[in-house]
Amino acid sequence: MDDWKQKLEQFKTNGGSGSKPDKNEKQKSYINNGKNNKTNYAQGKNRGNNTQPYVGAPYNFVPFYDTVYKYHDKLTNHNDMKSDLITGEITYEVKAETPIMIDDGTKHFFTDTKGRYAIPGSTMRGLIRNNVQILGLSSFEDDIDDYALMYRNVAGGAEKKQYNHILGSKQLRVNDGNKSYGLGVLLNVHAGYVSNEGGKYVIYQTAVDSTKKEFEGMNYYVLSERKIINDYLKYKDKFTYGFFRQNGKSILQHEFRKFRRSEKNGRVHYEGDKNKEYQPYYEHVSYEVAHQKDIIAVGYPGEYKNEGFAVSTGKMNEKKAVYIIPEIDKNKESIPIPEEDVRAFKIDLNKKRNTLKQFGGEKYFDLPEEGKMRPVFYIQLDGRLYFGFTPRLRLFYDHTLKKGLKPELKRDGIDYAKALFGYTSPEKSYKSKLSFTDAVLEDNAGIGAEQKLILAEPKPTSYLDYLKQNKDTPVTYNTDGFELRGVKQYWLHKSLVQTDGGVINENAASTICPLREGTKFAGKIRFQNLTEDELGLLLWAVRLNEGSQMNVGKAKSYGYGRISVTIPKARKFDLQRAYQSDGILCLDPFDNIEIDQTIESYKTAINQYLGKKTIDELPHIRDFFDMKDSRRIPDDVDTRYMKIKNENHKNEYQSRTKPLPTVKTVINSDKDV
């Protein structure tokens, strides 16, 4: 008798079950389960008797102003030559107060076309433009992508109920012969094949509509790695999962060795020997099924009765499954994927690029290339399509990011940022009146030590940080009327943040070779046809207030890239001197600009609009300068990332229930409260 047929007979004899687990062992798994260590730990540090779980981040948010200041309707022409319009040049100097890293696409510092270390003009332009938007009460609408974020909520959080509803997650009682047991299923998740056809993506259905009546839309099979390995250890010469052991080696996440048991946190965990060469895959296979849902054999194509694909996803610590997807049926109606969902999926993938290194790389989790096809999991529910490459897939939020921007912050019209930096719209465009040169190295303090760091980026999916919260229930991107919290800014650090000395995951780490603190750069901003208030705002955005500093480049969360910016010289073109009536050529038709006086001219203009309050008194302007004040830098313990596991073995990030504290709260955290 063939091995797989013999195994089928065994399934029939045992009612579909293998050997029963030892009752005592099962009870051990519940020992101490649910006990909770209620020891409190301080937010950053103990302050008297007032301690609470830490909630914080290396960044915070400067709130948007109530409305966009539309300061005039008519833009100046670039070729105008009027005495009340100002053309000239600002020379600025940048000093690195901490080691600085501006990436050139590798681990090395950026160099210009002459091979000199430099801060690109585009980098300085982006930094100053952001300052202009905040100080000039300008719109951020053009900086916010209008796409739907994606989320997965397996363990908990505000979206757990909604997430499980969309997936159709349920525990069912299943009867196989004489045995009845509980089984977790995802009733709404289907398997299929996504194809790239001329840049358009469609999903094809499979030949199987459901593996079992009770499973509704589940048309794929779930096969535990533990079962495969246990079968090999038990049967060996009659092993029927030969596909997973190729050339004597495992292609599973675990090796074909006996599982160890270890006590952790009061629970019994099963840990097999990890396969260090494991990579996620999807491969053409053949297979056999018992009781409609139990895979009893998996081999190469043509070896068994049924054809399909074996899908093994990213690395997981312990529990691991392989999914068997039945063969395609192109006679069934295909499902087109909307272009806006493809775009949102691609943006989400790009933002997770560094994280995906440790799970097999970006390519495995991407949609297929032109003319290619691959297995996919998807959900069709309430007129919405969701798709991904694991059954517990990431879902699109109901609302796009831009829905969180109030109408008053979206209105059409020219603001200071558009007038200075230009803009493009379907109706018309306006060229920038500013030109930024690279800030070239002037004084090199030397190259610092090479560092390996996890350069995690803050993600908008962290709704407790990015969205305004209420006191009752968490606000997410599924909440009608949600509001974005403001403009993200990184905190300054007094020095480089010391890592906790743990082992860095090489796949997720980035290597940087920064320049040392003390390194100096110099660059220029050339401007054309600015009004006096526009020039005043630009100068303020470059220099900021006394004691203000900024951060730029990579690894800002670790304290890299804290810079001070000064303006040693600012000059404007004098039309009368350049074009004297006596015809004598003037070789230096420039006047020095009174920087403080010109900044005050902007403040005077904007204060007339504000009325009762001055620009310096606005709460969001105060928050901005509090975050830039080099004399009031918060302690690192108050601006660190929340830990995956702290000294009390708690996941600070996942267990949090409170939103990010305000800028004012963090700044005042060193005071007695």
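Data for the structure
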| quantity | calculated |
| --- | --- |
| Counted charge near Ile251, where neighbours are those whose Cβ lies closer than 14 Å (Asp, Glu -1; Lys, Arg +1) | +2 |
| Other-chain or far-sequence residues with amide H under 5 Å of Phe309's (modelled H) | Val285, Ile325 |
| Straight-distance crosslink candidates among aspartates and glutamates, where the alpha carbon sits under 16 Å from Lys433 and sequence neighbours closer than 8 are dropped | Asp80, Asp84, Glu89, Asp415, Glu532, Asp533, Glu534 |
| Residues whose placed amide H lies under 5 Å from that of Asn668, excluding near-sequence neighbours | none |
| Around Leu610: net Lys/Arg minus Asp/Glu count, Cβ-Cβ under 13 Å | 0 |
| Net charge contributed by nearby residues that have their C-beta within less than 15 Å of Asp341 (K/R +1, D/E -1) | -3 |
| Footprinting exposure proxy for Leu544, Leu385, Leu420 (fewest neighbouring C-beta atoms within 10 Å first) | Leu385, Leu544, Leu420 |
| At R0 = 56 Å, FRET efficiency that the Cβ-Cβ distance of Arg577 and Ala509 yields, to 0.05 | 0.45 |
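Any read-out appearing in this document is the output of simple, stated calculations on the displayed coordinates, not a laboratory observation. As the structure is a prediction and not an experimental result, all values here were calculated from the model. Because the Cβ atoms are built from the backbone with ideal geometry, glycine has one as well, and the counts that use them run over all protein chains shown.
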